[in-house]
Structure formats: structure tokens, C-alpha cells
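Data first, discussion second: the structure below is written as C-alpha cells.
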Amino acid sequence: MAQSSNDEAHWNRTTNLMFIHLGLWLFFGYIVHMFVNVLNKVVILGFPLGFYMAAQGSLIAFVVMLFVFAKQQDNIDREFGVAEDD
């Protein structure tokens, strides 16, 4: 069964959004922590930035990303007429 062009466009936008957020997750989850020694030279509120990113910063980024992703996906769903509350 062939997908309509609307379904394919929706899936393409959803896939692109997923890859963007996956890249951000990779950055905050792994890449930032690779530079911990360089980041530790910067001090915020008495704590080295590398420690702060490991203890709080990445977790905050992940929570913010969840809400942003949900909002962006909802906007995509509404644009293509597949939102759950339509």
C-alpha cells in the first residue's frame, strides 16, 4: 500500500526532528564530557564547569530537550492534520 505524499512529508519532518534531537543528545551526553579538563578551567558559583555539566547541566539540557521535542512534534502533527486532539 502506497503512502500519500502528506504521510511521507510528515514522516520526513518527524525523522529530521528526531535526528536533530539525537545529535543534541549526543552532544550534551558525550561530547561535552570529553572536554571536561578544559571546561574545569571555567568556574561557575565556585564549581568547575566540567563538574557542573556532569552533575546538573546535561540533565537540565535533557529535560529542556524533552519539552522542546514534544512541542515541535506537536506542531508538525498539527501542520499535517494528525494531531491527537484534532
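What follows draws every value from the coordinates through simple rules; no lab data is involved. Keep in mind the model is a prediction, meaning the values are calculated, not measured. As a convention, Cβ positions derive from the backbone with ideal geometry for all residues, glycine included, and neighbour counts pool all protein chains shown.
Overview of values
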read-out: Largest to smallest principal axis extent of the C-alpha atoms in the chain, angstrom; value: 57, 24, 14
read-out: Zone of residue 79's modelled label, taken as backbone nitrogen in the stretch 6-28 under 15 Å from a point 7 Å along Cα→Cβ; value: 6-21
read-out: Nearest 10 degrees, 0 to 90: helix 58-79 Cα axis against the chain principal axis; value: 10
read-out: Extended-chain gain in nm, criterion 0.36 nm per residue less alpha-carbon gap, residue 12 and residue 47; value: 8.4 nm
read-out: Degrees between helix 5-26 axis and first principal axis of the chain (Cα, 0 to 90, nearest 10); value: 10
read-out: Ascending count of other beta-carbon atoms within 10 Å, so fewest first, for 13, 78; value: 78, 13
